[in-house]
Amino acid sequence: MGTLLEYALIQVLHNFGALLVVGLSGYGFRVALLRHSPSQTFALFVLLAWLAQGLTGATFGWVTYRSDHRLPDIHGIAMIALMIKVSCVCGGAGLMTSCLGWGGAWSSSRRMLVWAGSTGLACLALTAAAFLRWFS
Ligand code: HEM
């Protein structure tokens, strides 16, 4: 019961994290499409959302390791889906970090590209989540 509750609570955070990375990245893309610049604070929020998503994702594995003394037994399509999700988090966090560092000097087309990238990676991770769920 205790472990199941932990999984469920982590899943709640992870699901809302997914909502945040998809929603905020999409909003940033919309702002960039209108040739405005999403603020640095906004980019920082999206970076934190990406990092939180990686952290809650890893916490699933940690809970399994703590209760079963082994990592989740996944392979094949589920493993590929997990690797895609980890790559999306690295890519999304990298894009937002570069936005924080150099975004102020970017052209509007560069801004559009970066925010489209974050949105695309968030959607890709969401798609991979379905495969991880049903092939593991
Ligand atoms: C380091 C990155 C990530 C790791 C390690 C990770 C890991 C996990 C794990 C272990 C689950 C439970 C799978 C199951 O129910 O069998 C899960 C579920 C889920 N993840 Fe992630 N995740 C990561 C990133 C993301 C990202 C970036 C998103 C979305 C933008 C996302 C969205 C979801 C969703 C929606 C579920 C629920 C799927 C369902 O039950 O139908 N994850 N994730």
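The values are calculated or read from the model by the stated rules, or taken from the named source; none is laboratory data. The structure displayed is predicted, hence computed values, not measured ones. Quick reminder, even Gly has a Cβ in these numbers, built from the backbone with ideal geometry, and neighbours come from all protein chains shown. Ligands, DNA and RNA are stripped out before the accessible areas are found, and what is left, the full protein with its side chains, is counted by its heavy atoms. Shrake-Rupley method; radii C 1.70, N 1.55, O 1.52, S 1.80 Å.
Using per-residue counts of other Cβ atoms within 10 Å, averaged over each peptide, order 67-78, 36-47, 121-132 from highest down. Numbers along the way, then the final one.
Numbers: 67-78: 11.5, 36-47: 16.6, 121-132: 18.7.
The most tightly packed comes first, giving 121-132, 36-47, 67-78.
So, for the chain, what is the accessible surface per residue at a probe of 1.4 Å, expressed in square angstrom? Display every interim value, and only then the final one.
Values: 8130 Å² over 136 residues.
Roughly 60 Å² per residue, with all protein chains present.
What's the ranking of 90-102, 5-17 by average number of surrounding C-beta atoms within 10 Å, highest first? Before the final figure, lay out each step's value.
Numbers: 90-102: 18.4, 5-17: 14.0.
For the peptides 90-102, 5-17, the packing ranking is 90-102, 5-17.
Leaving ligands, DNA and RNA out of it, report the carbon-plus-sulfur percent of the accessible area of the chain at a 1.4 Å probe. Write out the running numbers ahead of the final one.
Values: 5980 of 8130 Å².
Solvent-exposed carbon and sulfur of the chain make up 74 percent of the total.
By what distance, in whole Å, do the Cα atoms of the range 2-134 stretch along each of the three principal axes, largest value first?
So the extents along the principal axes, rounded to whole Å, are 50, 28, 20.
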